[in-house]
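Here is the structure we will look at, set down as structure tokens.
The values are calculated or read from the model by the stated rules, or taken from the named source; none is laboratory data. Bear in mind that the values here come from a model prediction, so they are computed numbers and not experimental data. Cβ sites come from the backbone with ideal geometry, for glycine too, and all protein chains shown count toward neighbours. Quick note on the areas: whole protein, heavy atoms, side chains included, nothing else; ligands and nucleic acids left out. Shrake-Rupley method; radii C 1.70, N 1.55, O 1.52, S 1.80 Å.
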Amino acid sequence: MFDQKMKILVVDDFPTMRRIVRNLLKELGYLNVDEADDGSTALTKLRNEKFDFIISDWNMPKMTGLDLLKAVREDSNLKDIPFLMVTAEAQKENVVLAVQAGVNNYVVKPFTAVTLKEKMDKIIEKLGG
Amino acid sequence: MTEAAQNDEMEEIIQDFIIESTELLDGLDQQLIDLEKTPDDQDLLNAIFRSVHTIKGAAGFLAFNQIVDVAHITEGVLNKLRQGELRATPAIMDAILNAVDMLKVLMSHVKAKDGKEEDLSQVLAALQDIDVSAEKANDEAGKGKEDIATPVERQDEGGTQASGQESSQQKILKEDSETIRVDIKRLDSVLNMVGELVLGRNRLMRLSAQLEDRYGEEELVTFIKQTTYNLNLITTDLQLSVMKTRMQPVSKIFSRFPRMVRDLARKNGKEIDLVLEGEETEMDKTIIEEIGDPLVHLVRNAIDHGLEGPEERKSAGKSAAGTLTLSAYHKGNNIFIAIKDDGRGMDINRIKSKAMEKGIATFDDMERMSEKEILNFIFHPGFSTASEVTDISGRGVGMDVVKSNIAKLNGSIDIETSRGNGSEIELRLPLTLAIINVLMVGVGDETYAIPLSTVIEIKRLEGHEIKTMDGREVVYSRNIIYPLIRLSDLIGAGSAGQNAYVVIIAFGEKQIAVLVDSLLGQEEVVIKSMGEYLSDTAGISGATITGDGKVVLIIDVMGLSVGMERMVMQ
């Protein structure tokens, strides 16, 4: 089981969305949450601080969630951080690309705290087992 | 977490959603109009798509289903544009712009919490048709080569711009990350307290000066003087900083015009290039909110009456497309906003004949008037030169409302026009509404404040310089005759009868002389509202507290002049 104190990075260009995700995480008891407004700022944060989990939106300006995922997996210091991708529709093509790039799981907007917990637990289970 | 806390949290998230989505929607208007000019700009298409997509995503979480529905289908059409399956024709742009309008309406329901739903059928059907027609065209083109299609890469959500250069839209999105949102009520209360602080500072300065006069040699007095001096500087800085927090860029109002001008031009069969200048100029939030409607009216007027259609322009040797320029700039303690067109200009003879027809002025009156004075008739209630009333403007209401709205903000309007070459209307507005420079005058035992921005000249007067013309008192100064107002008569204040000075004040083209007993000096004062009960007092716009603790009424110049007309009538 993941520690409730683990540090989570929420990446989305839309402030309201970051707040929604943060709020859902709060419901689940995760309070150690930081935010980034796009892939490149996220990458800078990831390189400067230690994070235990990444929840990132896909469609963002400048650096997309997919590019962030690729960059994270290529970085030897970051490559093991669990990565949950948020997508708009369950487009199979998208999921395929994300899986190719090494995503741990994905969640389709809009989702509830319960769904988010399920996805996070699944990632945790897999890593644990 | 308790349920109540969770509800508060939700409420705040919804508030954020409203503010942030509204910003995106406002930006969309501009971006979509840009897109009409450069339909192949991939960065722009991506930015537009992303805004709609973002709104849809957040609305989904908050269960604003109507917003999701409209955004979803709009996004579909945008996606086709983005992938080159459709091209942005004016008809498609109309449908998308209508959808954006609908999103704004739906957002207003969210804001009002009225739970109202809109009939989406038309908006959705229009977009659906476009979507389907594109599909058909695609199907036909793609018949027999399904095997070759590679949807995996083409459907890549947002991946297309990953390698592209950064567009200007993206830069703008990035810039405001280091800001926090503050409830305007909190800022207002800070501003109010700073106002009180300024009054206290003024009083302390006055007392400190008196102290120095009386006990100048004492060391303690020197210390108090120094401290007061420092306090003065800091208070002034603080006041400025707080005022700045209330400032917003003019782009806030300018941003609505590209869309409006486009729609009006299309409706009227005119070609118009809109040029926006100085959008970054900042003004007080209240002023920004108040000048939106007057500006809309002036722009509509310029398009309807000023700018000609392409044929008329060509035959006059001009380019087919007219140019409408909206500019804002900062000069001294004022902000200027100008609306300039290169249309046909105003017809002074038409204005003259209309003024006679409406009984506003006689031919003889106008013989004595300057061109500017005659132009100013367009601000007269009930005046309209448009021979036919259109649905854009020309209902004969408006220009007078524009004028009084600007005057309410302590601003003024200036018209320049040249037959055949176009017109320019310039609004002068104060930087802030809260603090003004005033001239303190004495009438009998009372002190009054006259806004310094309206004062043109101050003149010492000998009693015999007051003449009577047509039963009206006038004053003659530098070859100009000014109608005279005795402040004591008008406000009903007693006068010691010294009547030593006239203050010549102006608003617009009108100038009047005001007779007062004494001049007490210039002071920077914080305007306090008179409260609802006294808000309609003619001739008085507010009150302030001076350095010596006295309450002083601020004279409303426009109200004075109206009061004068009334007195003459009687």
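What to note about this one:
- Failed item, numbered, when B:F49 is tested on (1) in contact with a Leu (Cβ under 6 Å, 6 or more places away or on another chain); (2) more than 9 Å from chain A (Cβ to nearest Cβ): (2)
- Flag for B:E212 being part of a helix (DSSP H, G or I), in contact (Cβ under 8 Å) with a residue 60 or more places away in the chain, over 30 Å from B:P310 (Cβ atoms) and acidic (D, E): no
- Of all residues in segment B:98-111 being touching an Asp or Glu at 6+ places or on another chain (Cβ under 8 Å) and open to solvent by less than 20 Å² (accessible area, probe 1.4 Å), the one that is farthest from B:D8 (Cα to Cα): B:V100
Table: residues versus (1) under 25 Å from the mean Cα position of the chain (by Cα); (2) modelled with pLDDT under 85.
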{"residue": "B:G27", "(1), (2)": "yes, no"}
{"residue": "B:K37", "(1), (2)": "no, yes"}
{"residue": "B:D40", "(1), (2)": "no, yes"}
{"residue": "B:F49", "(1), (2)": "no, no"}
{"residue": "B:I55", "(1), (2)": "no, no"}
{"residue": "B:T74", "(1), (2)": "no, no"}
{"residue": "B:L81", "(1), (2)": "no, no"}
{"residue": "B:K111", "(1), (2)": "yes, no"}
{"residue": "B:L124", "(1), (2)": "no, no"}
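- Considering only residues in segment B:343-376 that are among the acidic types (D, E) and closer than 18 Å to B:I413 by Cα, the one that is most open to solvent (accessible area, probe 1.4 Å) turns out to be B:E371.
- B:L187 fulfils the conditions (1) closer than 20 Å to B:V525 by Cβ; (2) surrounded by fewer than 16 Cβ atoms within 10 Å (Cβ to Cβ) except for a single criterion, (1).
- One residue from B:I67, B:I19, B:I73 being farther than 19 Å from A:M60 by Cα and within 11 Å of another protein chain (Cβ to nearest Cβ): B:I19
- Filter pass, B:L199 being open to solvent by less than 60 Å² (accessible area, probe 1.4 Å), under 14 Å from B:E524 (Cα atoms) and of a type in the set (A, V, I, L, M): yes
- Any hit, segment B:30-42, residues being of a type in the set (A, V, I, L, M) and either more than 15 Å from B:V100 (Cβ to Cβ) or facing another protein chain (nearest Cβ under 9 Å) (or both): no
- For segment B:216-228, residues that are surrounded by 12 or more Cβ atoms within 10 Å (Cβ to Cβ) and in a helix (DSSP H, G or I) total 6.
- Some residue of segment B:445-465 being among the polar types (S, T, N, Q), assigned to a loop (DSSP other than H, G, I, E, B) and in contact with a helix residue (DSSP H, G or I) (Cβ under 8 Å, 6 or more places away or on another chain): no
- Flag for A:I124 being surrounded by fewer than 21 Cβ atoms within 10 Å (Cβ to Cβ), more than 14 Å from every other protein chain (Cβ to nearest Cβ) and in contact (Cβ under 8 Å) with a residue 60 or more places away in the chain: yes
- Odd one out for B:K285, checked against (1) farther than 30 Å from B:I184 by Cα; (2) touching a strand residue (DSSP E or B) at 6+ places or on another chain (Cβ under 7 Å); (3) among the basic types (K, R): (1)
- Residues (among the hydrophobic types (A, V, I, L, M, F, W, C), over 17 Å from B:T417 (Cα atoms) and assigned to a helix (DSSP H, G or I)) located in segment B:289-348: B:I291, B:L295, B:V296
- Leading residue by the ranking (surrounded by the fewest Cβ atoms within 10 Å (Cβ to Cβ)) among those in segment B:449-488 that are acidic (D, E) and over 17 Å from B:L439 (Cβ atoms): B:D470
Per-residue answers, yes or no, for (1) at pLDDT below 70; (2) out of contact with any Phe, Trp or Tyr (no Cβ under 7 Å at 6 or more places or on another chain):
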| site | (1), (2) |
| --- | --- |
| B:L515 | no, yes |
| B:L519 | no, no |
| B:I540 | no, yes |
| B:T544 | no, yes |
| B:D548 | no, yes |
| B:I554 | no, yes |
| B:V562 | yes, yes |
| B:M567 | yes, yes |
| B:Q570 | yes, yes |
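- Of all the residues in segment A:110-129, those that are in a loop (DSSP other than H, G, I, E, B) and either of a type in the set (S, T, N, Q) or at pLDDT 85 or above (or both) number 3.
- Those helices (runs of 4 or more DSSP H) lying entirely in segment B:1-97 with at least 1 residues without any contact (Cβ under 8 Å) to a residue 24 or more places away in the chain, out of contact with any Asp or Glu (no Cβ under 7 Å at 6 or more places or on another chain) and surrounded by fewer than 19 Cβ atoms within 10 Å (Cβ to Cβ): B:3-37, B:65-82
Here's the yes/no breakdown for (1) farther than 23 Å from A:R19 by Cα; (2) within 13 Å of the chain's Cα centre (by Cα):
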site	(1), (2)
A:P61	no, no
A:D75	yes, no
A:P82	no, yes
A:N104	no, yes
A:V107	no, yes
A:M120	no, yes
A:E125	yes, no
